[in-house]
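> Below: one structure in structure tokens.
The values are calculated or read from the model by the stated rules, or taken from the named source; none is laboratory data. Please read all numbers here as calculations on a predicted model, not as lab measurements. A quick note on method: Cβ atoms are made from the backbone with ideal geometry, for glycine too, and the neighbour counts reach across all protein chains shown. Side chains included, ligands, DNA and RNA excluded: accessible areas come from the protein's heavy atoms. Shrake-Rupley method; radii C 1.70, N 1.55, O 1.52, S 1.80 Å.
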Amino acid sequence: MEIALRPVHDSDLPVFFRQTNDPEALRMAAFTPKDPADRDAFEARWVRIRASDAVTRTVLADGDVVGSAAVYGAPGEREVTYWLDRAYWGRGIATSALRALLAEVTERPLYARTATDNTGSLRVLEKCGFRVTATASGYAEARGAQTDEFVLVLDA
């Protein structure tokens, strides 16, 4: 399977909206918007993201839109994030996409966060060189509860 990244196109947004409304994926991601089904809020969020200095990319698998990956935040505190359609989990696509993003965005350190029970995401981050440096807890909208998370860093 050929994995590639490209800039986000307007035509990707309906796919992202559908992907981010998968109940199982929402629960696993945990830290999501309050109402992921609010299309206006989704659109407004993407307008802000695309107007910012975030590096946002669409993840393609054999030419199909399967998710997104980004680096965002203030210099010295920038974080990575990614979302992959659940139908593509467990195939190494997230790892390949994150590696490609990290090759494009070479600044370090970069940070990441994942719910402590999201073993798939933790595995992706660790394969890409991130290491757990702390744990934190925050309210996870998708779970309606306080949820523990790992804080990870990629130094070099």
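> Rounded to the nearest 10 Å², what accessible area does residue 127 show when all protein chains are kept and the probe is 1.4 Å?
My reading of the accessible area for residue 127 is about 110 Å².
> Moving to a separate point now. What does the accessible area per residue of the chain come to in Å², with a 1.4 Å probe and no ligands, DNA or RNA counted?
Heavy-atom SASA per residue in the chain reads 53 Å².
> Another question, then. Would you mind checking which residues have amide H under 5 Å from residue 32's amide H? H placed 1.01 Å from N; only 5 or more apart, or other chain.
Amide H neighbours of residue 32: 141, 142.
> Ok, one more. Output ³J(HN,Hα) for the stretch 24-36: one whole-Hz value per residue in order, computed from phi by the Karplus curve 6.51 cos²θ - 1.76 cosθ + 1.60 with θ = phi - 60°, and x for Gly and Pro.
For the stretch 24-36, the Karplus-derived couplings read 5, 5, 4, 4, 5, 5, 6, 8, 10, x, 4, 10, x Hz, x marking Gly and Pro.
> Which of the listed residues, 93, 124, 25, is farthest toward the dipole's positive end in the chain, when Lys, Arg count +1 and Asp, Glu count -1 at the beta-carbon?
124
> To continue, here is another question. Can you give the convex hull volume of the alpha carbon atoms of the stretch 84-156 per residue, in Å³?
Each residue corresponds to 96 Å³ of Cα convex hull volume.
> Percent of accessible area on the chain owned by carbon and sulfur, 1.4 Å probe?
50
> Now for a different question. Which residue, 11, 138, 37, has the largest displacement toward the positive end of the dipole of the chain when charges sit on each Cβ (Lys, Arg +1; Asp, Glu -1)?
138
> Here is a follow-up. What whole number of Å gives the distance from the Cα centroid of the stretch 35-57 to the Cα centroid of the stretch 78-151?
Answer, in whole Å: 19.
> Output the Kirkwood hydrodynamic radius of the stretch 30-96, Cα pairs only, in Å rounded to one decimal.
13.4
> Residues of the stretch 120-156 with the amide nitrogen closer than 12 Å to a label point 7 Å from the Cα of residue 86, along Cα-to-Cβ, please.
none
> As a test of the definition: which semi-axes, in Å, follow for the chain when you take the square root of five times each eigenvalue of its alpha carbon gyration tensor? Largest first, please.
The equivalent ellipsoid of the chain has semi-axes of 21, 20, 16 Å.
> About the Cα centre of the chain, how large is the charge dipole given +1 on each Lys and Arg Cβ and -1 on each Asp and Glu Cβ? Please answer in debye to the nearest 20.
Dipole magnitude for the chain comes out near 220 debye.
> Along the Cα→Cβ direction, 7 angstrom out, place labels at residue 127 and residue 53. What is the inter-label distance in nm?
3.1
> If you don't mind, another one. How much accessible area does residue 123 have with a 1.4 Å probe, in Å² rounded to the nearest 10?
Roughly 130 Å² of residue 123 is accessible to a 1.4 Å probe.
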